[in-house]
Every structure is written in C-alpha cells, then in structure tokens.
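Following: one structure in structure tokens, then a few remarks.
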Amino acid sequence: MTSHPAALPAGYRFRQLAADDRRALLDLDTWAFPDPHGVDEFDDLALPVTWERTVGVETAPGGPLAALRASYPFSRFPVPGAELPVAGLTWVGVHPQHRRRGLLTAMIDDHLAHCRERGEPVSALFAAEAAIYGRFGYGKAADDLRLSIPRGAALRDVTGADAHTVRLEHADRERHGELVARLHRAPGQVREHADAGTTGVNRPGWATRETEELWASYWSDPRSFRSAGRESLRIAVVERDGEPRGYATFRRTLGWEVTGPRGTVHTGDVVALDAAAARALWGVLVDLDLMSTTEPFLVPTDDPVTGLLVDPRAAGARVADNVWVRLVDVPAALAGRRYQADVDVVLGVTDARLPDNAGTWRLRADAFGPAACERTDAAPDLELDVREVGAAYLGGTSLVALAGAGLVVERTPGALAAAAAAFGWPVAPACGWVF
C-alpha cells in the first residue's frame, strides 16, 4: 500500500521514546491536556504506554518535546464476529507553542505507515476533540451512555438473580487480577454455537488490555486519581455458587447537605456474564449507604442496566461518542469481520491519505460466515469515503443514516438498504475504557 505522508516541518524531527523519557512525556501531556497535578505528583503512576510504539517530535536533540503519539498493540481487538490486530492510537498531544505547524498531520501519517508495516488493518482511538480526526479518515464507530442513576432506583426482577452474592473489597491485583482479566474479555470474545456451527455474536470494540504496562496502569492507584474526594479503588464481585459471574470497579465520594448525605458512586468497569448476574450487581451498585447517585463512567448503549431500570428517564442518559475507527487496509479489514445478513455489494471508496485504499471493492459474504473483499472493475453500488466505512465498520452506525446526511451515495437502487442490514450487528459496539 502506498501513501504520501506529510513531512515534518523544517526544524523538527521524530525520535523514538524510551522509559528514560517518562518525565518529558508527562510534562508534554500536562501542556497538551491541562491538569491540576504537577509532574512530580505522578511519581506513583504506572504509565500504560508501550515504549517501542511511542514516538516524540523534538526541535533539537535532547530538547523539550514538541509533540508525541503512541499506540497500544491490540492483537485481538473485537470486530463483528471476529478479532483483528488493531492499533489503538493514544497519547496524541502537541505543545501549545508548536500548534498549527503540521505536527499532528505528520504524526498521523507516520502512525498509519507503521500500522501498515505491522500488518494492522485497522486503527482505533478515543477522540479528545470530535472535529479533529474525521479529516484523517477516522469515523465515529460507537457511542456510549453516561448515566446518573438515583439511589434505590427500581430494577426489574430477573429469574436467578437472588441465587447470586456480591462481595465488596479493596481492589487488589494479586487477589483480583486473573478474575478481572478473564471476565473483562468475555463480552468481546467470539463463541461458536456447537449445535449450529455458526459464529456467535460478540461486542465489537470491546478492547481488552493486552500488555503488562496497561494492566499495571489499570491496577495503579496513585493519589492523583483520588481528586475531588474520591476514595481508593474498590471492587464488587458477583458470584453464583462461589463462581465469579461479574464484577465492577468503583470509587465513592461523600458529600453532605442540610438534607442529608449526598454521595456518589463512580464506576469503572461493569461486567456481567448474564442477566441474573447483571441484576445482582446493579442492585448493589445503586443502593449503597450514604450515596445519592451512581454514575457509570460509560456503558454501552444496550447495556443490561438500560433494560433493568424501571424508570430509565430518571437516570438522565446522555450519549457520547466512544470508539473511532480508521481502515488502514480496506480489503483486509472488510474481509476480517462478519456480517449479519448476506451481502454482495461493490463499494466505491475514496481515501485521500492512503490512495491504495481508493477504488472499487466487491464485498461478498453469507450471513455470519466468512467474507471476501477484492478489487473489481465493476461500477460501484455505493460510493463513500473511507471515513464512512470506518463509521459503519463496527456495526453501530447505519449506512442509511450516513446516506441521509449525504455521506453515502447509492448508485444501484436497493443496494443501500441491503448493505446497511449486513453491516449492522446485533450487539452495540463500545469499549468499556478510554484508551
């Protein structure tokens, strides 16, 4: 695949970063993303970065960093019905003194070139500013919900929930590490239906932490994380007959008003293997003493709690953008996922940054079966930019909706609805943590 990467402007150069650059990385990060804590206050923070995938931009050897970017190696990133190697773009920042000089453009092009070299057909990210990444071919591929659930909110009954117990403990890697790693991966895993022989559904986008650095950061509990009165990290583990069936990490804050205590439960991961476990877990999370609300940081738009709440309006749901996706290798990415309906469509794709992605591609697949995508000379049924392919890639954004905004053009009558049905997925895509 050929591309035409933007060059760094004169006076700047890329430099591979290493562990010795920890302080420089943190200093630049606090310039790019203002933080009330000084760099020295992060001494007890375990950094999640993979150093060999972390690159800085400097103006002189040994000088301060002007910009940086990194990526996480997701070797089994969940896509509809499958897993693919994906680069999780992260820690992208430019010092305010060096803005508007093309550093971000050069870093993104360098990142995409490295994705190609490593055989990662997809790049994914969380966008600090939603207006930035579309011009680099990233499409908003998933949403999540932010909730504020009143204490004691009524939940629907679920058969078997009362057979579960929930224990609350201080979160500890030695005690809970294996349990969390195993249960967290479950929603994104693909399971085969033994009776039907077809691939089961999974939650696309549900990335798991695959490196020691990411897990060390997850279990790190520095004082800087306890701002605004938050307590140390806690965990709720739901079990049935002694077997863990789900968990949630959380921190509480306690506030007092004349009318009484007004505390808040702030959850991190909330994972349950079935409806009964989810009911037992949420039943505890929304009814802790001295608390007035439970505020999950983010949950998928179809998370079980949305069906469990008798009065979902009272939770004040707000939708936020979640994972953004950029296809680096269009045919490999499209052939690497499954489709929920039969599909045979020719896509006319434009891609200004990676020209080898541009052209017409014939995508064929049986419902929930292997897919094939190859270049063709046939006229396109649909025309769209790689950004819109990325937006629809995880199954959470409808091609019909994109067409309604003028972002997908139907050339063959009926092709749009058929392709939209195939690109969708029964489970809403989402990542349960910000990478």
> When you look at Arg326, is it of a type in the set (Lys, Arg), open to solvent by less than 60 Å² (accessible area, probe 1.4 Å) and either in a strand (DSSP E or B) or more than 16 Å from Ala82 (Cβ to Cβ) (or both), yes or no?
Replying inline: yes
> Could you say whether any residue in region 267-279 is open to solvent by 40 Å² or more (accessible area, probe 1.4 Å), at pLDDT 95 or above and among the hydrophobic types (A, V, I, L, M, F, W, C)?
Replying inline: yes
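Looking at region 50-66, which of the residues that are in a helix (DSSP H, G or I) and open to solvent by 30 Å² or more (accessible area, probe 1.4 Å) is farthest from His111 (Cα to Cα)?
Ranking the candidates gives Trp51 first.
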>> Restricting to region 209-227, give me the number of residues that are open to solvent by less than 60 Å² (accessible area, probe 1.4 Å), touching a Leu at 6+ places or on another chain (Cβ under 9 Å) and either at pLDDT 95 or above or assigned to a loop (DSSP other than H, G, I, E, B) (or both).
In response: 6
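Has region 37-49 got at least one residue that is touching a strand residue (DSSP E or B) at 6+ places or on another chain (Cβ under 8 Å) and open to solvent by less than 30 Å² (accessible area, probe 1.4 Å)?
Yes, there is a match, as at least one residue in region 37-49 is touching a strand residue (DSSP E or B) at 6+ places or on another chain (Cβ under 8 Å) and open to solvent by less than 30 Å² (accessible area, probe 1.4 Å).
Give me the residue from region 67-102 that is in contact (Cβ under 8 Å) with a residue 12 or more places away in the chain and not in a strand (DSSP E or B) and, out of that set, farthest from Leu25 (Cα to Cα). Let's see the steps before the verdict.
Quick first cut of region 67-102, residues in contact (Cβ under 8 Å) with a residue 12 or more places away in the chain only: 67-98, 101-102.
After this cut, where a residue has to be not in a strand (DSSP E or B) as well, the list is 80-81, 95-98, 101-102.
On the way: Pro80: 35, Gly81: 37, His95: 11, Pro96: 15, Gln97: 16, His98: 15, Arg101: 20, Gly102: 20 Å.
Among those that are in contact (Cβ under 8 Å) with a residue 12 or more places away in the chain and not in a strand (DSSP E or B), it is Gly81.
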>> List pairs: first residue in region 307-330 and at positive phi, second residue not aromatic (Phe, Trp, Tyr) anywhere in the structure, Cβ distance under 8 angstrom, at least six positions apart or on different chains.
In response: Gly316/Leu147; Gly316/Ser148
>> Restricting to region 246-287, name every residue that is in a loop (DSSP other than H, G, I, E, B), within 14 Å of Asp303 (Cβ to Cβ) and among the aliphatic types (A, V, I, L, M).
In response: Leu273, Val286
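Every residue, every condition in (1) closer than 30 Å to Leu416 by Cα; (2) not aromatic (Phe, Trp, Tyr), yes or no:
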residue	(1), (2)
Pro244	no, yes
Tyr247	no, no
Thr259	no, yes
Arg279	no, yes
Leu298	no, yes
Ala314	no, yes
Val319	yes, yes
Ala333	yes, yes
Gln340	yes, yes
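Could you grab me the full set of residues in region 228-245 that are in a strand (DSSP E or B), more than 28 Å from Thr30 (Cβ to Cβ) and among the charged types (D, E, K, R)?
Looking only at region 228-245, we keep the residues that are in a strand (DSSP E or B), and these are 234-240, 243-245.
Restricting the remaining residues to those that are more than 28 Å from Thr30 (Cβ to Cβ) gives 235-240, 243-245.
Scanning region 228-245 gives Glu239, Arg240, Glu243, Arg245.
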> Would region 399-415 turn up any residue that is open to solvent by 60 Å² or more (accessible area, probe 1.4 Å), in contact with an Asp or Glu (Cβ under 9 Å, 6 or more places away or on another chain) and not aliphatic (A, V, I, L, M)?
Replying inline: yes
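The values are calculated or read from the model by the stated rules, or taken from the named source; none is laboratory data. Because the structure is predicted, anything quoted here is derived from the model rather than measured. Virtual Cβ from ideal backbone geometry, glycine too; neighbours counted across all protein chains shown. In case anyone asks, the SASA skips ligands and DNA or RNA and just uses the protein heavy atoms, side chains included. Shrake-Rupley method; radii C 1.70, N 1.55, O 1.52, S 1.80 Å.
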